[in-house]
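Worksheet for the structure shown next.
Bear in mind these aren't lab numbers, they're just calculated from the coordinates by the rules spelled out. Remember, it's a predicted structure, so these values are computed and weren't measured experimentally. Glycine gets a Cβ as well: all are built from the backbone with ideal geometry, and neighbour counts include every protein chain shown.
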Amino acid sequence: YFVRSTEPEPGEVPRRGQRPGHGQETILVVEDNEDVRAAAVELLESAGYKVLVAANGDAAMQLLLSGARVELIFTDVVMPGLIKSTDLALWAKTQSPVVAVLFTSGHTRDIISCNHQLSPDTHLLSKPYSPDALTAMVRSVLEA
């Protein structure tokens, strides 16, 4: 008589690809290191996200301006090319609805902030990161 729940039973282990707290949003991964980019894409896809990729800010902006719809841009702070990660973040803030941005870097927040690359209210995931840290931070930024 009751509608069947799609939630796992208490104590039930979720099946692969059915990790609780993860979504089906589209994420643009912008990373110049091919191995790091491939690992991030694999982790995000296994968590249920649709993933678009770009090797630098120039390629990312081309995707975005061509009409690609994303809910989150996951970008390295320092990348080659004319368009920097901060330019992507500025573009994201002007969209309606606003596109969330999560930065990643091997540098500390203090060094990046001293160079005026990121504002204090920026979401930053330090490299190296674990699979759980990446998916938890992505979920947190999307829900913010």
Can you return the lysines within cross-link range of Lys84? Criterion is Cα-Cα under 18 Å, with same-chain partners fewer than 8 residues away left out.
Lys93
Env charge @ Thr26, Cβ radius under 9 Å, K,R +1 / D,E -1, value 0
Out of residues 5 or more away from Glu25 or on other chains, whose amide H comes under 5 Å of its own, with H placed 1.01 Å from N in the peptide plane?
Lys50
Over region 26-143, relative contact order from alpha-carbon pairs under 8 Å, at least 6 apart, %:
23
Give me, ordered by chain and number, the residues 5 or more places off Thr104 or on other chains with an amide H under 5 Å from its own placed amide H.
Thr75, Asp76, Val77, Leu125
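Could you tell me whether region 26-143 comes out rounded, prolate or oblate from its Cα gyration tensor? Rule is a ≥ b ≥ c as square roots of the eigenvalues, rounded for a/c under 1.5, then prolate if a/b exceeds b/c, otherwise oblate. Spell out each step's value before the answer.
On the way: a/c = 1.26, a/b = 1.04, b/c = 1.22.
Rounded is the answer for region 26-143, as its axis ratio a/c remains below 1.5.
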First select every other residue whose beta carbon is under 13 angstrom from the beta carbon of Glu143; then total the charges, Lys and Arg +1, Asp and Glu -1.
-1
Within a Cβ distance under 13 Å of Ile83, other residues only, what is the Lys/Arg minus Asp/Glu net charge?
-3
